[in-house]
Amino acid sequence: MPFPTLNPTLTLGATLAACAQAQGDRVACTFLSAEQPPQQLTYRQLHQQALRYAAYLRTHALEPGDLVLLAGQHDLALLIAFVGALYAGAVPAIFPYMARYSNTEIYLRRLSERATAHQMRAVLSTAALQPALATCLAGTDTLVLALDPFDADASANADRWGDQAQTAFALDERPATTPGYLQFSSGTTAEAKGAVLSHGAALRYIAALAETIALQQDDVVVGWLPFHHDLGLVGYLFLPLLTGRHVVTMAPDFWVRRPHMLLRAIHEHRGTLAMLPTFAFAH
């Protein structure tokens, strides 16, 4: 089937909402890990949970255009928080994942420095990091919020606000020239730098990429690249989810320890597309 044209005059949130309405119960994403069975979300479930997360952010007075930094792991909570931030009109950025061998003190210092330098309105982090991170950011204007907050108190107003958001995001009229998300460089050879991408620019790039690789209606994208990496964010999040495809993904450290799992996932989920850096083929 021909590739559906993405509308670069819309926002990323409005595009995702429209895609969710069209795809309904089709599986949007599958997360693989060693600790638990595969976790899946349909487009409808992702949309509903992202609306709920947007409500959570709005109850903490986040406004459209606010910068938010997400510090989590390669899992459903990070995905929902990112989409929820887009739905709330915020400008999300994903911080590199904390690895098993990471020094917690150094990680928190770098996270706090990034949040302060870029005047983040909020940092969304795991429960394990929240207390220490709140101490690091004490005296600043940056909020420290839960990356996975869905208990009874945190979501008390979610349904009421979510009903309003359902219509608002489907008819999102913010200019596509406004900032959509913040992408940081790797920081491998110099201090990491942030680049702001507008909604329209991101949608035009994704449309061009889909056309270049001749994306098909039944394509299934399989991979492990992290969402804080530009190829991971575009190739394993935006490309499939904004075009109604199924993405099967696993954490980078899971893949490094079990590289054969990528091939198994391609086989079991009938994968048709995998984008990898050169070293991954060598590995």
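The values are calculated or read from the model by the stated rules, or taken from the named source; none is laboratory data. This one's a predicted model, so the numbers in the text were calculated from it and none came from an experiment. Counting neighbours? That spans all protein chains shown, and the Cβs are built from the backbone with ideal geometry, glycine included. The area values use the complete protein model at the heavy-atom level, side chains included, leaving out ligands, DNA and RNA. Shrake-Rupley method; radii C 1.70, N 1.55, O 1.52, S 1.80 Å.
General remarks:
- Across the chain, Cα-Cα distances exceeding 35 Å account for 13% of all pairs.
- For segment 170-283, the average shadow cast by the Cα convex hull is 8.6 nm², which is a quarter of the hull's surface.
- Simple spin-label estimate for Ile106 and Ala282 gives 2.3 nm between the two label positions (7 Å along the Cα-to-Cβ direction from each Cα).
- Per residue, the chain exposes 47 Å² of accessible surface when a 1.4 Å probe is rolled over the protein heavy atoms with every protein chain present.
- Evaluated at q = 0.15, 0.18, 0.20, 0.22 Å⁻¹: base-10 log I(q)/I(0), Debye formula over Cα of segment 8-114: -0.73, -0.98, -1.11, -1.21
- Between Arg204 and Gln21, the simple spin-label model (points 7 angstrom out along Cα→Cβ) gives 2.6 nm.
- Taking Thr15, Thr140, Thr178 in turn, the Gaussian network model of the chain (Cα-Cα springs below 10 Å) assigns the largest fluctuation to Thr140.
- Heavy atoms of Leu51 accessible to a 1.4 Å probe, total area in Å² rounded to 10: 10 Å²
- In the chain, a dipole from Cβ-located charges (positive for Lys and Arg, negative for Asp and Glu) runs towards its positive end, and of Thr126, Phe82, Tyr97 it is Tyr97 whose Cα lies farthest in that direction.
- Put simply, the amide H of Leu41, placed in the peptide plane, has neighbours under 5 Å in Ala28, Cys29, leaving out anything fewer than 5 places away on its chain.
- Entry note, the chain: the mean residue ellipticity at 222 nm calculated from DSSP H runs of n ≥ 4, each adding -39500 (n - 2.57), is -12000 deg cm²/dmol after division by the residues and rounding to the nearest 500.
- The chain, accessible surface, carbon-and-sulfur percent (1.4 angstrom probe): 54 percent
- Spacing of the two label points (7 Å from each Cα toward its C-beta) at Gln39 and Gln217, in nm: 3.2 nm
- Computed about its Cα centre, the charge dipole of segment 1-89 is approximately 200 debye, with only Lys, Arg, Asp and Glu carrying charge at their Cβ.
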